[in-house]
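The values are calculated or read from the model by the stated rules, or taken from the named source; none is laboratory data. Source: prediction; values computed, not measured. Positions of Cβ are generated from backbone atoms using ideal geometry, with glycine treated the same way; all protein chains shown enter the neighbour counts. Side chains are part of the model used for accessible areas, which takes the heavy atoms of the whole protein and leaves out ligands, DNA and RNA. Shrake-Rupley method; radii C 1.70, N 1.55, O 1.52, S 1.80 Å.
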Amino acid sequence: MISSKTEYMERVCCAAEYIKNSLKNESIDIPSVCIVLGSGLAPLASMCEVLTEIPYKNIPCFPESTAPGHEGRLIVGKLSEKNVFMMSGRFHYYEGYDYDICTFYVRVMSFLKVNSLILTNAAGGLGEGMKPTDLMLIEDHVSFLCESPLRGQNLDDFGVRFPDQTCVYDKELASLLLKSAEELGITLHRGVYCYTKGPQYETPTEIKILKMLGVGAVGMSTVPEAIVASHCQMRVAAVSCITNLAAGISPVKLTQEEVIENAGKASENSCNLVKKLVEKI
Ligand code: HPA
């Protein structure tokens, strides 16, 4: 929770200045797009021309990434002829970070005038016809079961105290994603993502309730970041990789191995889809 907005803003400013100066020293233009490389998206970094990489630990005030498979590097690359930031590693509440830390990078990106945030994640699927390795466009979310990342002092420099949530996910980016999927011949489900704090997966009863609410996918990331990004007036696009059927729907016990394996299998589609979206932005 943000208890001192002055101190928080100083930290955002400090991290942003460090990134800005690092890029300036290498004559790299500051990107206007940031992609969060969720599970299975790591190969996107090798699909672009890497211009520079900054380990999170070198960026003042930046948290360190502890989740398995989340490396902790800010990559700047050229993808589809555009400079993009790629976050290789994100910060989850279940790692023990408070939401102001989980979403710190979003405000740093906003400070750097990044205007589009592309979020990807691994999720359990509940929607009709979904199977592991499918992709789902996140059109809206359910987060009222959890604490808001905007709790505490409001950062007025970024946005208002009571932000509207009618359109957290940008409609134009969503339609570009649908168009990209169609061009690539990739099935892209559309649905609502429910955020849970984790790290435990859901119980079958919790999944039954979420299904009644019309949820299509469930996972442990993305929503705090999307809320903060929309608070900063950033355009947000988000895609879930369905790595498993949700608890009680899946015939097998949920394991991280299954999640990693299916994220890997879906990787080619996920990377191509995001690349195509960047081409169209
Ligand atoms: N639930 C929550 N988070 C997840 C899941 C799931 O089934 N799969 C991958 N991340």
| message | Quick check on the stretch 59-73. Is at least one of its residues open to solvent by 50 Å² or more (accessible area, probe 1.4 Å) and touching a Ser or Thr at 6+ places or on another chain (Cβ under 6 Å)? | response | yes
| message | Could you check the stretch 1-49 and list, in sequence order, the residues that are more than 19 Å from Tyr105 (Cβ to Cβ) and either β-branched (Val, Ile, Thr) or without any contact (Cβ under 8 Å) to a residue 24 or more places away in the chain (or both)? | response | Thr6, Lys24, Asn25, Ser27, Ser46
| note | Within the stretch 23-50, residues in contact with a strand residue (DSSP E or B) (Cβ under 6 Å, 6 or more places away or on another chain) and in a helix (DSSP H, G or I) come out as Ala45
| said: Considering only residues that are under 16 Å from Thr166 (Cα atoms), part of a strand (DSSP E or B) and open to solvent by 10 Å² or more (accessible area, probe 1.4 Å), which ones fall in the stretch 220-245? | reply: Arg235
| request: Please specify each residue of the stretch 99-113 satisfying the condition of being more than 17 Å from Cys14 (Cβ to Cβ) and either surrounded by 22 or more Cβ atoms within 10 Å (Cβ to Cβ) or at pLDDT below 95 (or both). | output: Tyr99
| remark: Counting only residues that are within 16 Å of the ligand (Cβ to nearest atom) and either modelled with pLDDT of 95 or more or within 20 Å of Ala174 (Cβ to Cβ) (or both), the stretch 114-159 contains a total of 20
| For the stretch 167-206, how many residues are part of a loop (DSSP other than H, G, I, E, B), within 16 Å of the ligand (Cβ to nearest atom) and of a type outside the set (S, T, N, Q)? | 5
